[in-house]
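Data first, discussion second: the structure below is written as structure tokens.
Please treat every number below as a calculation from the coordinates, not as lab data. On a predicted model such as this, the values are computed, not experimentally measured, just so you know. A quick note on method: Cβ atoms are made from the backbone with ideal geometry, for glycine too, and the neighbour counts reach across all protein chains shown.
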Amino acid sequence: MNKRSSASTRIAAVTALVLAVVVVLVVLGSAGGGGDSSSGKHQHNGKSSHGSTKPKRHIPATYEIQSGDTLISIAHETGVPVREIEALNPAVDPQILIAGETLKLR
């Protein structure tokens, strides 16, 4: 194998690799919804949200931890902020939630 063909083969391989990376980045960028004009923008539908009142959600006194639960998922499900759950349950390690354990929510 002579040096000339080896060098040109290496240049072709590097060029192909760079081109492949560019193609992957373009595909991932377009699949991420970057062209969606409504993402991250507030759309006004003509109704004022200042006067509307949401019905208050009943917050249960306790919550039984299910397998796979996290404090964030519990907060979303119950409407109680994570910090409040942590403050009401200081003995609970938020990294190790045990299924069947009961958390205070109020």
Inter-probe distance in nm under a simple model that places probes 7 Å from Cα toward Cβ, at residue 83 and residue 61: 2.7
Pairwise FRET efficiency - residue 95 versus residue 10, Cβ, R0 = 35 Å, nearest 0.05: 0.10
Distance histogram for the range 52-106 (every C-alpha pair counted, 5 angstrom bins, percent rounded to whole numbers): 4, 20, 33, 25, 9, 5, 3, 1
Using θ = phi - 60° and Karplus 6.51 cos²θ - 1.76 cosθ + 1.60, couplings along the range 7-15 (whole Hz; Gly, Pro as x): 5, 5, 5, 5, 5, 5, 5, 5, 4
Other-chain or far-sequence residues with amide H under 5 Å of residue 101's (modelled H): 65
